[in-house]
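Okay, so here's the structure we're looking at.
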Amino acid sequence: GGGIIAIEFARIFAQLAAEVTMVVRAADLPKSLARVGIDNQIGYLLQADLRAAGITLLFESEIASAQGDCGKATPSARARGATGRLRLEVVQTGTAEVREELEADLVLTATGRKAVTDGLGLDALGIEIRPNGDLAVSTSLMTSAKGVYAAGDVIGAPQLASTGIEQAESVIDAMLGRRDVGAAEDASRLLDMPVAAADCSPAALLSNAARYPIGIWTMPELAFVGLTAAAARAPV
């Protein structure tokens, strides 16, 4: 993968002296991270940093097949002396053209995620579930079942810890109509403090790049918020 999670784990394992190869569908990291709004300049700096850390980057590539005893490649099995390795066939993105073959002890797949809502009985409550598993919510994050709210990864992108926390706070405001003012304030004032819950729905967050920052926990870390340079210069 070539997203935030893949990059973070690649850097962690490289720091632990593992030989790491990233197989990325896109042509470079800026394109791979374009959906999260990274600026090209920052993306290329990150790309250079990963290479400086000894990480091999294979762009416009994807794994077509993996052969070998995956069971013997697990950390617990290797600790018992197993030496199984995986043989990976890497092809050009979207084609069957073989680019190279790799051998690896472990393969970490970080190519996206989706909400796991099957088997929770949500349909019995009348909660609408989108085809991809996300829960449908209103601008106040209420589901289609009155009085039942949802926040975080289960309602879809951007699926960040920071936005999940903001969504949870917004849900509390929507349910209780007030926000905690802190221990230094007179607690009796809470009852007189109606607060309009902020619209933290996925659509609202994704429509405004300035609504939330994005961090990538590499070494050193990087973060960004707002428009890219190209978007800021574009005519209105």
How about region 21-36: which of its residues are in contact with a helix residue (DSSP H, G or I) (Cβ under 9 Å, 6 or more places away or on another chain) and open to solvent by 30 Å² or more (accessible area, probe 1.4 Å)?
Thr21, Arg25, Lys31, Ala34, Val36
Selection status of Gly2, in a loop (DSSP other than H, G, I, E, B) and surrounded by fewer than 17 Cβ atoms within 10 Å (Cβ to Cβ)
no
Residues being closer than 22 Å to Arg11 by Cβ, in contact with a helix residue (DSSP H, G or I) (Cβ under 8 Å, 6 or more places away or on another chain) and among the β-branched types (Val, Ile, Thr) - total across region 80-106:
0
Exactly one condition in (1) modelled with pLDDT under 90; (2) assigned to a helix (DSSP H, G or I) is false for Ala82; which is it?
(2)
If you scan region 131-179, which residues turn out to be crowded, with 18+ Cβ neighbours inside 10 Å, polar (S, T, N, Q) and part of a loop (DSSP other than H, G, I, E, B)?
Thr143, Gln159
For region 98-114, which positions are modelled with pLDDT under 85 and not hydroxyl-bearing (Ser, Thr, Tyr)?
Gly112, Arg113, Lys114
Any residue in region 213-236 that is more than 17 Å from Arg11 (Cα to Cα) sitting within a Cβ distance under 7 Å of a residue that is in a helix (DSSP H, G or I) and not polar (S, T, N, Q)? List the pairs, counting only those 6 or more apart or interchain.
Ile214/Val36; Phe224/Ile42
Restricting attention to region 47-56, the residues that are touching a residue at least 24 places away in the same chain (Cβ under 8 Å) and buried (at least 19 other Cβ atoms within 10 Å of the Cβ) number exactly 2
Residue that is surrounded by the fewest Cβ atoms within 10 Å (Cβ to Cβ), among those in region 115-130 that are of a type outside the set (Val, Ile, Thr) and assigned to a loop (DSSP other than H, G, I, E, B):
Gly119
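The values are calculated or read from the model by the stated rules, or taken from the named source; none is laboratory data. Values in this document were obtained by computation on a predicted structure and should not be read as measured data. As a convention, Cβ positions derive from the backbone with ideal geometry for all residues, glycine included, and neighbour counts pool all protein chains shown. Side chains included, ligands, DNA and RNA excluded: accessible areas come from the protein's heavy atoms. Shrake-Rupley method; radii C 1.70, N 1.55, O 1.52, S 1.80 Å.
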